[in-house]
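A short write-up of the structure that comes next.
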Amino acid sequence: MKIIKIGALWCPACLIVNKHLKKIDNVDIVSYDYDFDEEIVKKYDVGKILPVLIFLDSLGNEKKRLIGEVSQKEIENAIKDVLYEVN
């Protein structure tokens, strides 16, 4: 599983979510900047609300997306949803 985080240096909500993400173990987290990584922003169709957390399964398919300031619990629940998704 992988989390792609798209945020910006000027974004207060991004700083809060960054603190939450630092507490997450055993998940690959890749960060991109909204202002500098234009191709990624376009590829994932990121809107104007930041941060955007995109949860990918082991095959790289998007399974869940959280937008804006979210809590540690919301991130943990999203990880569980993706890891334990019943097919």
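The values are calculated or read from the model by the stated rules, or taken from the named source; none is laboratory data. None of these values were measured; they are calculated from a predicted model. FYI the Cβ positions are ideal-geometry reconstructions off the backbone, even for glycines, and counts take in every protein chain you see.
Just to be sure I understand the filter: pairs with C-beta atoms under 6 Å, separated by 6 or more residues or on different chains, first member in segment 29-45 and closer than 15 Å to Ile3 by Cβ and free of Cβ contacts under 8 Å to residues at least 60 places away in the same chain, second member surrounded by 12 or more Cβ atoms within 10 Å (Cβ to Cβ) and among the aromatic types (Phe, Trp, Tyr). Which pairs pass?
Every condition considered, the pairs that remain are Ile40/Tyr32.
Could you grab me the full set of residues in segment 49-64 that are under 11 Å from the mean Cα position of the chain (by Cα) and either exposed (fewer than 13 other Cβ atoms within 10 Å of the Cβ) or more than 20 Å from Val17 (Cα to Cα) (or both)?
Within segment 49-64, Glu62 is the sole residue that qualifies.
How about segment 42-87: which of its residues are at positive phi and either touching a Lys or Arg at 6+ places or on another chain (Cβ under 8 Å) or of a type in the set (D, E, K, R) (or both)?
Result: Asp45, Gly60.
Check Val86 against each of (1) touching a helix residue (DSSP H, G or I) at 6+ places or on another chain (Cβ under 7 Å); (2) at pLDDT below 95 and name the one condition it does not meet.
For Val86, the failing item is (1).
With the condition kept exactly as written, say whether any residue in segment 65-75 is at pLDDT below 95 and either surrounded by 11 or more Cβ atoms within 10 Å (Cβ to Cβ) or more than 19 Å from Ile16 (Cα to Cα) (or both).
no
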